[in-house]
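Everything below concerns the one structure shown next.
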Amino acid sequence: MAEIYAYRVFTAVVENGSFTSAAQSLDITPSAVSHTISKLEKDIGFALFIRSRGKLELTHNGRVLLPRIYDLIKLQDRIMQEKQEILGVSKGSVRIGAFNSVTMKWIPQIIRSYREKYPGIDVQVYEGKYSDVVSGVSSGMFDMGFVTTTQELNSEIIALYDDPLVCVTPKDFVPKNPGRVTVEEISEQTILMQAEGLASDTEAFLAKNGIRTDYGIRVADDSSLTAMVASGFGISIMPMLLFKDEQVDVDLYEIDPPEYRTIGLLTAKEQFLSPAAKRMIEEIRNFAAGFEK
């Protein structure tokens with residue numbers, strides 16, 4: 001049976017994409033990483049990586065094993081953290097997946113509060129597309145991840161906050177009704193979109209209301225999309241959370257009838273949640289419950 005250290009090296013290679021980067025993250029030499037992976041592959045009886053033209057990819061067997069290896073690592077971490085709990089010392093780590101607006105508007109406050117209570121626990125945040133967050137939790141890479149209810153998930157999520165969708169328009173846009181924009185008005189405009197995989201909330205709203213989305217203008221960054229709207233290229237539908245405490249050169253209108261995305265938390269299975277992860281879930285729930293109240 002391979003040692004847990006070898007499994008940690010293996011996941012470091014997966015997460016960093018190369019032996020060299022994994023070595024840097026672990027503060028060991030690339031040759032030590034290579035030796036550890038070679039020994040691990042020998043111990044389990046098959047290759048874990050395909051190495052070609054400087055590119056490193058998981059084999060099919062490697063992909064199958066990855067979630068189980070994360071489970072083993074989490075179990076060891078949980079045992080160690082439970083031991084620290086018994087000894088009265090709080091140590092450990094928590095890995096969180098998040099999308100842009102949550103990373104910008106929630107994560108700094110959550111981490112600040114959490115670290116004041118548990119200074120010995122390391123918190124790591126990974127930002128990505130909605131699908132990246134879901135796959136990260138499913139594979140075991142993350143202890144938990146922020147998702148929205150517009151995503152098609154088989155797992156139950158902890159509902160946290162109803163975030164209104166707003167119509168973002170240039171300053172010279174004049175709605176038919178002061179302070180709000182109807183779905184019919186939206187359907188008459190050129191709609192600017194985020195890049196594919198980053199706009200599931202907007203896409204769900206447009207699909208629900210039968211509004212075309214094939215205008216061809218897609219921008220990855222939220223601030224760039226806002227700038228495109230400000231320049232008069234069209235309007236957009238975006239979450240209100242993005243604009244909290246921001247000064248922007250656009251106008252924001254309520255949608256009539258109102259539309260929301262529900263921000264939720266997807267977590268690893270209960271048996272794999274460490275004390276540190278459980279405390280973070282509690283911290284996040286408390287923060288969301290008091291947000292804007």
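Assorted remarks:
- Glu283 being in a strand (DSSP E or B) and touching a residue at least 60 places away in the same chain (Cβ under 8 Å): no
- Checked against (1) of a type in the set (Gly, Ala, Ser); (2) under 19 Å from the mean Cα position of the chain (by Cα); (3) modelled with pLDDT of 90 or more, Ser131 meets all criteria but (3).
- Meets criteria (acidic (Asp, Glu) and either assigned to a loop (DSSP other than H, G, I, E, B) or over 22 Å from Asp77 (Cβ atoms) (or both)) for Glu15: no
- Selection status of Thr20, of a type outside the set (A, V, I, L, M, F, W, C), modelled with pLDDT of 90 or more, more than 18 Å from Met141 (Cα to Cα) and within 30 Å of the chain's Cα centre (by Cα): yes
- Unmet criterion (only one of (1) under 29 Å from Ser93 (Cβ atoms); (2) surrounded by fewer than 18 Cβ atoms within 10 Å (Cβ to Cβ); (3) at pLDDT 90 or above; (4) not aliphatic (A, V, I, L, M)) for Glu270: (3)
- Screening segment 52-83 for residues that are outside any helix (DSSP H, G or I) and hydroxyl-bearing (Ser, Thr, Tyr) and picking the one that is modelled with the lowest pLDDT gives Ser52.
- Single unsatisfied condition, Thr262 versus (1) part of a helix (DSSP H, G or I); (2) of a type in the set (Ser, Thr, Tyr); (3) within 21 Å of Ser131 (Cα to Cα): (1)
To keep it simple, each residue is scored yes or no on (1) closer than 24 Å to Gly97 by Cα; (2) surrounded by fewer than 18 Cβ atoms within 10 Å (Cβ to Cβ); (3) of a type in the set (A, V, I, L, M, F, W, C); (4) touching a strand residue (DSSP E or B) at 6+ places or on another chain (Cβ under 7 Å).
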| residue | (1), (2), (3), (4) |
| --- | --- |
| Ala12 | yes, no, yes, no |
| Ser18 | yes, yes, no, yes |
| Leu26 | yes, yes, yes, no |
| Pro30 | no, yes, no, no |
| Ser34 | no, yes, no, no |
| Lys39 | no, yes, no, no |
| Gly45 | no, yes, no, no |
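- Search result, residues across segment 36-51 that are part of a loop (DSSP other than H, G, I, E, B) and either closer than 14 Å to Val14 by Cα or hydroxyl-bearing (Ser, Thr, Tyr) (or both): Ala47, Leu48
- Inside segment 17-75, residues that are at positive phi and touching a Phe, Trp or Tyr at 6+ places or on another chain (Cβ under 8 Å) make up a count of 0.
- Among the residues of segment 215-244, those identified as more than 16 Å from Asp201 (Cα to Cα) and either assigned to a strand (DSSP E or B) or free of Cβ contacts under 8 Å to residues at least 24 places away in the same chain (or both) are Gly216, Ser223, Ser224, Ala227.
- When Thr103, Thr36 are checked against the criterion of being within 30 Å of Asp222 (Cβ to Cβ) and either among the hydroxyl-bearing types (Ser, Thr, Tyr) or touching a Cys at 6+ places or on another chain (Cβ under 6 Å) (or both), a single residue qualifies: Thr103.
- Subset of segment 154-212 [among the aromatic types (Phe, Trp, Tyr) and either under 16 Å from Gly234 (Cα atoms) or assigned to a loop (DSSP other than H, G, I, E, B) (or both)]: Phe173
- Test for Asp249: is it of a type in the set (D, E, K, R), surrounded by fewer than 19 Cβ atoms within 10 Å (Cβ to Cβ) and more than 24 Å from Tyr114 (Cβ to Cβ): yes
- The residue of segment 50-74 that is surrounded by the fewest Cβ atoms within 10 Å (Cβ to Cβ), among those that are among the hydrophobic types (A, V, I, L, M, F, W, C) and in contact with a Ser or Thr (Cβ under 9 Å, 6 or more places away or on another chain), is Ile50.
- Every condition in (1) modelled with pLDDT of 95 or more; (2) surrounded by fewer than 19 Cβ atoms within 10 Å (Cβ to Cβ) is met by Gly120 except one, and the failing one is (1).
- Cβ-Cβ distances below 8 Å connect the following pairs, each with a first residue in segment 73-86 that is over 11 Å from Leu273 (Cβ atoms), a second residue that is of a type outside the set (Val, Ile, Thr) and assigned to a helix (DSSP H, G or I), and a separation of six or more residues or different chains: Ile73/Tyr7; Ile73/Arg8; Glu82/Pro275; Glu85/Pro275.
The values are calculated or read from the model by the stated rules, or taken from the named source; none is laboratory data. Quick caveat: nothing in here was measured; it's all calculated off a predicted structure. FYI the Cβ positions are ideal-geometry reconstructions off the backbone, even for glycines, and counts take in every protein chain you see.
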